[in-house]
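Report on the following structure.
Only the coordinates and a few stated rules stand behind these numbers; no lab work does. These figures come from a predicted structure and were not determined experimentally. Methodologically, a virtual Cβ is constructed for each residue, glycine included, from the backbone with ideal geometry; neighbour enumeration extends over all protein chains shown.
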Ligand code: COA
Ligand code: AMP
């Protein structure tokens, strides 16, 4: 197999600035940069300093002006309602312009924040692009988060306007968004001026006079009036969006994405990493509330002039395990990007892949998997039944695009199962021990990236340079800490094994066990608690709670457990998926008081474990083993 990867990676290493300046030439700029990279700007340097651009212009207008006006830009396919809608680039522009005009009428200007709390409907994409058009900063909040999580994000990003919908649709369940939105707005200290509400026919809602506006009415009015809103030039270094992701506490981290570097990186990945040509159909089966949705449902495919698919549904049950193949056939999808958990769900329903040959997959070339570790079994099953390359790639909300991948666009490298392959240009990935020394190949350690991070990665956290520095840059000076543990082998392949912090990965969703512990501790009967992630064959990991009850509690534990599960659902949201809580007498701790979560996890996962030398009270681990066995765990 021959791949251009090694030459391209070497080219980047030789001249990173020249490399990214070349990539930037594929986009339109209102004003070119003074410096490709300025090491003295920002926390660790900034890309394309002095340049002016607009992301919406590059994702929409540019294509309308250069011959793609009639090409489909966006296909909305709802497997839940059975409805579909297509938008050409010209129609996408008309929708975005009208909404930008509505926002402008509400006083939204360059630099102002707009929260988007929406289900998977085309209006969510219009909303992101309308903000980009105005130079306003969007912050999309995933619909599976509860009111308190939304309130935290309102207080941190301080938006003028929130764009939301009356409801979301989960299989067999209508999720009323409006009560969650109202609660969040009430709970937040920051006062939002207006909420723009999309009324969905499945469940409409009451609008609050003076605060709420009807999305459809407002947009229709602007369209009828022939409103025109030009793309506002912004600095390449200005923020395009803030996306909150789980941190090590209940306080989420506001990952900032700039305009210029982000466009350059995403556009480059489409051809070179994903092997997709402009005009092809690209489908990321994720949610706009996650980074995968931002990068590969919305921005990258549109920047590249592709057709993107917005899918409302699940890989199974909407209506069956053939849904993905139906979408691929019907819309001529060239590449599908999803999380391994989706394939585990399909495999469980359809172990022999019987749905697959029922559909015409002739245009489908490649499957991309990311968001969690891709287990070799799942990859092999997909390869066997799809007879196409299955590409594992590793990245994070913080990076916005793959750190490592099998670069199929440059020529596929040999697959090593369990490895998301090799670092992409821009990333000098190394493995260090806890003292910051490089470890020999094959040795497990902290996976870090030598600074500067490439264009597109977070320059900082929203209004929190110091937190950014402390969380990511302080521990290994000169490097970005990924908080993943892993190995690099003699061929330069990476293996990502586990997080080094309290983040767990449930069905491809990133959650903080620390955040859940804060909720458990709120329950009046709980004296102490711990939450760990345990292995799950379907979702990769599931949270498991341990509580030590207050001395005087005599109520039945099953009742308390139900209350705790409900509390987590109410506070964090259904996506937290905490379903089991075990009552124990004491938490296992070191003599200095550190909870031995890693040992608890090994017990719950039935892995071999050693008695930690520093344990305070060894007997408790046997008690935990028994308590877990009683619950059928471990
Ligand atoms: N709004 C409201 N509730 C939501 C939601 C949303 N946008 N998204 C998920 N939820 C709810 C679900 O209904 C579920 O509620 P339940 O406990 O009442 O059943 C809960 O949150 C957990 O959701 P999820 O983790 O998605 O589990 P699931 O059982 O509904 O589906 C999979 C499991 C594997 C099919 C699904 O997670 C999946 O397709 N994952 C892969 C794709 C993906 O989204 N990856 C993310 C990043 S690439
Ligand atoms: P998120 O920010 O939600 O994208 O989650 C990022 C985390 O998911 C990473 O730090 C990894 O722990 C994990 N992850 C994502 N992709 C992969 C992959 N391909 N292999 C292993 N872990 C992954």
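Miscellaneous remarks
- Every Cα-Cα pair in segment 418-545 was counted, and those over 26 Å apart are 34% of them.
- Within the chain, percent of DSSP bridges classed antiparallel, to nearest 5: 60
- Projected label points at residue 277 and residue 173, each 7 Å from Cα along the beta carbon direction, are separated by 4.4 nanometres.
- Considering segment 13-73 at the alpha-carbon level, its Rg and Dmax are found to be 14.4, 44 Å.
- Residues of segment 49-93 with an amide N closer than 14 Å to a point placed 7 Å from the Cα of residue 32 along the Cα-to-Cβ direction: 49-52.
- Potential extension, residue 217-residue 230 segment - 0.36 nm per residue separation minus Cα distance: 2.5 nm
- Segment 498-528 and segment 530-592 have Cα centres lying 9 Å from one another.
- When each of the peptides 341-349, 260-268, 115-123 is scored by how many other beta carbons lie within 10 Å of its residues on average, the order from highest to lowest is 260-268, 115-123, 341-349.
- In terms of its Cα atoms, segment 336-400 spans 39, 25, 15 Å along the principal axes, sorted from long to short.
- Theoretical FRET efficiency, 1/(1+(r/R0)^6), r = Cβ-Cβ of residue 41 and residue 105, R0 45 Å, to 0.05: 0.85
- Plainly put, the chain has a radius of gyration that is 0.95 times its Kirkwood radius, both from alpha-carbon atoms, as the Rg/Rh ratio.
- For segment 323-438, the alpha carbon convex hull comes to 128 Å³ per residue, rounded to a whole number.
- Extension gain, residue 387 back to residue 320 (0.36 nm per residue minus Cα-Cα distance, nm): 22.0 nm
- Pairwise Cα inverse-distance average, inverted: Kirkwood Rh of segment 1-155 (Å): 18.5
- Estimated Rh, segment 225-356: Kirkwood, alpha-carbon pairs, angstrom: 16.8
- Ranked by the mean number of other Cβ atoms within 10 Å of their residues, highest first, the peptides 136-148, 561-573 come out as 136-148, 561-573.
- Start at zero, step by 10 Å, and the Cα-Cα distances of segment 507-630 spread as 13, 45, 35, 7 percent across the bins.
- Extension gain, residue 190 to residue 380: 0.36 nm times the residue separation minus the Cα-Cα distance gives 63.4 nm.
- Estimated from the Cβ-Cβ distance and a Förster radius of 35 angstrom, the FRET efficiency linking residue 14 and residue 463 is about 0.45.
- For segment 62-153, fraction of C-alpha pairs farther apart than 18 Å, in %: 53
- Dimensions (Å) - segment 101-173, Cα atoms, principal axes, largest first: 40, 26, 15
- Most tightly packed first, judged by the mean number of other beta-carbon atoms within 10 Å of their residues, the peptides 159-166, 414-421, 351-358 read 159-166, 414-421, 351-358.
- Paramagnetic label zone (point 7 Å from Cα along Cα-to-C-beta, residue 570; backbone N under 16 Å) in segment 516-551: 518-526
- Reference-scaled alpha-carbon Rg (2.2 N^0.38 Å with N residues) for segment 308-351: 1.09
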